[in-house]
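Notes for the one structure printed next.
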């Protein structure tokens, strides 16, 4: 495991908000793309970046809904991460605009959904949370400027599963939590390898755990399930004091995307607005497991993702 995967003493913490970590940072003239940027902690990320002066572009599967949510603060483009043709169309439109990207935050995703297949039969968590972002970042690569940051939103859920190389798409029995966990591991590994490939061009990548937050991401869980886990009470009110507000949940990805404290670093997993410590635990509490930051696993995932999507900005020959 990288020796850089240790806390740096950022001065921020579990309760810091996105606007607090951006205090004193001027993002005027910067362009940020935030997938999932019109709902939950993604919306708070969009609001915070826009308030700091950034021009924010929000790709959305439901552009009309997104347009209402971010009216006056962000630009919306149509994108379905589960559809590679849609990814290509969005990227082509953006590239044709001639603009550069300074911040990319991949926050869109699904969690614990019923078994769903997209594209050529891909398991939906892996396809939407990871493969769609892999294809999008690679297609947008010509517009990603030197000095840019790419942030992949992972989760402590990664602790529950590494990559299931013998059955990535759960063709031999589906488990919604393991499917989510594998996808979150994939998000972290994506950042590891993108950072290795992009650092010579001045582009650094990070993955983050935003924390536990009550957002629309939990739409596939019943209230009874959340009560059983101690997250809410029988009335649906928050019961777990460790849960963050959306404003707090947005903080770590905003910090990873903008903080000068991370200059010269990359390929790391962050939580609570600091670099996370290594852990061998699998209880979704704190820390990062080795399988989510292993360079060999990251390179293997990149090769698989490039083969499945047909997109690799760093390949010797165009795909």
Quiz item: What helices (runs of 4 or more DSSP H), lying completely within segment 218-319, carry at least 3 residues that are modelled with pLDDT of 95 or more?
Solution: 251-258, 295-309
Practice problem: Specify the residue that is surrounded by the fewest Cβ atoms within 10 Å (Cβ to Cβ); the eligible residues are those in segment 271-284 that are closer than 19 Å to residue 243 by Cα and under 18 Å from the mean Cα position of the chain (by Cα). | Solution: 284
Exercise. Could you tell me whether segment 203-213 includes any residue that is at pLDDT 70 or above, in a helix (DSSP H, G or I) and in contact with a helix residue (DSSP H, G or I) (Cβ under 6 Å, 6 or more places away or on another chain)?
Key: no
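One line per residue, one yes/no per condition, for (1) in a strand (DSSP E or B); (2) more than 18 Å from residue 81 (Cβ to Cβ); (3) touching a residue at least 40 places away in the same chain (Cβ under 8 Å); (4) out of contact with any strand residue (DSSP E or B) (no Cβ under 8 Å at 6 or more places or on another chain):
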{"position": "112", "(1), (2), (3), (4)": "no, no, yes, yes"}
{"position": "125", "(1), (2), (3), (4)": "no, no, yes, yes"}
{"position": "128", "(1), (2), (3), (4)": "no, no, yes, no"}
{"position": "141", "(1), (2), (3), (4)": "no, no, yes, yes"}
{"position": "145", "(1), (2), (3), (4)": "yes, yes, yes, no"}
{"position": "150", "(1), (2), (3), (4)": "yes, no, yes, no"}
{"position": "162", "(1), (2), (3), (4)": "no, yes, yes, yes"}
{"position": "168", "(1), (2), (3), (4)": "no, no, yes, no"}
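The values are calculated or read from the model by the stated rules, or taken from the named source; none is laboratory data. It should be emphasised that the depicted structure is a prediction, and the values quoted were computed from it without experimental measurement. Because the Cβ atoms are built from the backbone with ideal geometry, glycine has one as well, and the counts that use them run over all protein chains shown.
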